[in-house]
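The values are calculated or read from the model by the stated rules, or taken from the named source; none is laboratory data. All values derive from a computational prediction rather than experimental measurement. Methodologically, a virtual Cβ is constructed for each residue, glycine included, from the backbone with ideal geometry; neighbour enumeration extends over all protein chains shown. Heads up: the accessible areas ignore ligands, DNA and RNA and are worked out on the full protein's heavy atoms, side chains in. Shrake-Rupley method; radii C 1.70, N 1.55, O 1.52, S 1.80 Å.
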Amino acid sequence: MNTTEAPHRAKADQPAATHVAAADQPLYASRVKVYPKRVFGKVRSVKWAVLIACLTLYYIVPWLRWDRGEGVPDQAVLVDIFNARLFFFWVELWPQEIYFLAGALILGAFALFAVSSLFGRLWCGFTCPQTVWTDLFMFVERWIQGDRNARMKLDQGPRDANYWTRKALTHAVWLLIAAATGGAWVMYFNDAPTVTRAILTGHASAQVYFFFALFAGFTYLLAGWAREQVCTYMCPWPRFQAAMLDENSLVVTYRDWRGEPRGKLKAEGVGDCVDCFACMHVCPTGIDIRDGQQLECIGCGLCVDACDSVMGKLGRPKGLIAFETLKNLSASAAATAGLAPGLERQKAGMAARHLPRFIRPRTVMYAGALTVVSLVMLGAFLLRSTLDVTVIRDRAPLFVRLSDGGIRNAFTVKIVNKTREEAPLALVLQAPEGFRMVVQDVEADAQGRPLLPRRADGIAQYRVLVTVPGGQRVAESTPVTFRLLDANGRAVASNSSTFAGPRP
């Protein structure tokens, strides 16, 4: 009896009288190693296509170039930590625009909810990074150590040269993949050609090597060793994804109305399931889909291919395990109640099914939320300003009394310029009569207005002094506005503050 079948068969064969009481059950159970078998079929082909697409995007994107002009990074996708920028092709986001990132995360969450409501754990089974890299690591393991039976025989056999050679080669390839993964990750935060050359020549910074090792190590650990334990114990998604599902969601399901009772091929009065365990042998988490909906099931659908292969060899209709809705499962079970196993029961069960309802209150709600968030983000992006001014009044001291009795406040004016333009801007003060403004270390235009040079794709900061002459009464708090004018006299940015005076 192999190690993956033992827990399931023991559960079925053990008499009820020998069951251990729940209070006596151990709180910890050692991991039973899973040996997934290679499988062929439509679902497996789709998973290969998705895996290749995901890995290609991950490894290639940092090398894509995007011309943004002189002095600006030309990497298409770059999180520039040192210059506080996020570049995504033609989009450039500043720290002040972090709300766009928050909006993208909210959009992704609603998209995940919508997909789960429609197709179950499609994300977990096909596009989750843990699934993608684990699939790749298992492919390497099968390539070097052989398929399921060969790997089991290798682990249970002697620790000879063949064992250590195959294990060492497997882990060496895993480490190479993990290193490529960690290296690709740091490329999203540094110029890809530069950081690659620095890593390979030993000239990268300690921070680069730290994060390179961090992500390489976690890739090796999670995809090579932890595997299904990440999905079962570490990931929170399985524990609340049931709230996203309903009876109309497409999930991987065993059609028990057709397969039960199980029995051998030529036995009388048995269903289509021949109890071959093919579905369990290919499962990456080692579960038996025939036990119903389970936390450990990631919805990858490999059991569908395995079962279809067996049904095809036996000359029976495929689809004993399929992507099915729980509503159709119940309808088929009700329609076949009392019918003996056979073609008539199979036809009756399939005839009772209906096309899945993709448009229903839950999916409409998610679609509406996606639309609203998308429109808000689009509007915010189209209306985002490329030039901002911030004004900060000194708070220590709030004001200074001059020798002539005048009151002076000091302000810090920052010009945030998100473009490459460097033309100076005139600063104008809107305040009650008598207020005067002086900007330190800048020139004035023909009209006497201070000209503030703006830094291309950067922040320029200036010290501004606003004074009320002696003898003029001033309130404890007076609103003032600073406006920036372009060469045509058009206001391009403004910000308000208050002028602090003595208490009456």
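Tell me, which residue of segment 131-154 that is open to solvent by 30 Å² or more (accessible area, probe 1.4 Å) and charged (D, E, K, R) is farthest from Arg121 (Cα to Cα)? Here the answer is Lys153.
What are the residues in segment 477-486 that are within 16 Å of Leu427 (Cβ to Cβ) and surrounded by 15 or more Cβ atoms within 10 Å (Cβ to Cβ), if any? Across segment 477-486, the qualifying residues are Val480, Phe482, Arg483, Leu484, Leu485, Asp486.
When you scan segment 310-321, do you find a residue that is over 26 Å from the mean Cα position of the chain (by Cα), modelled with pLDDT of 95 or more and closer than 25 Å to Pro238 by Cβ, even just one? Yes, there is a match, as at least one residue in segment 310-321 is over 26 Å from the mean Cα position of the chain (by Cα), modelled with pLDDT of 95 or more and closer than 25 Å to Pro238 by Cβ.
Residue count for segment 55-83 satisfying the condition of being closer than 24 Å to Ser205 by Cβ, aliphatic (A, V, I, L, M), within 22 Å of the chain's Cα centre (by Cα) and open to solvent by less than 40 Å² (accessible area, probe 1.4 Å): 4. Taken over segment 487-504, the residue count meeting the criterion of being part of a loop (DSSP other than H, G, I, E, B) and open to solvent by less than 30 Å² (accessible area, probe 1.4 Å) is 1.
If the condition is being among the hydrophobic types (A, V, I, L, M, F, W, C), free of Cβ contacts under 8 Å to residues at least 60 places away in the same chain and part of a helix (DSSP H, G or I), then segment 87-111 contributes Ile98, Leu101, Ala102, Leu105, Ala109.
Taking Asn417 as the residue in question, decide whether it is under 17 Å from Leu484 (Cβ atoms) and open to solvent by less than 90 Å² (accessible area, probe 1.4 Å). Here the answer is yes, as Asn417 does meet what is asked. Of Met280, Met350, all but one fail to be open to solvent by less than 30 Å² (accessible area, probe 1.4 Å) and either modelled with pLDDT under 90 or closer than 26 Å to Val46 by Cα (or both); the exception is Met280. Residues in segment 216-246 that are under 14 Å from Pro129 (Cβ atoms) and either open to solvent by 70 Å² or more (accessible area, probe 1.4 Å) or β-branched (Val, Ile, Thr) (or both): Phe218, Thr219, Leu221, Val230, Met234. For Trp164, are the conditions met, namely being without any contact (Cβ under 8 Å) to a residue 40 or more places away in the chain, of a type outside the set (Lys, Arg), open to solvent by 40 Å² or more (accessible area, probe 1.4 Å) and within 29 Å of Arg38 (Cα to Cα)? Considered against the rule, which asks whether it is without any contact (Cβ under 8 Å) to a residue 40 or more places away in the chain, of a type outside the set (Lys, Arg), open to solvent by 40 Å² or more (accessible area, probe 1.4 Å) and within 29 Å of Arg38 (Cα to Cα), Trp164 comes out as yes.
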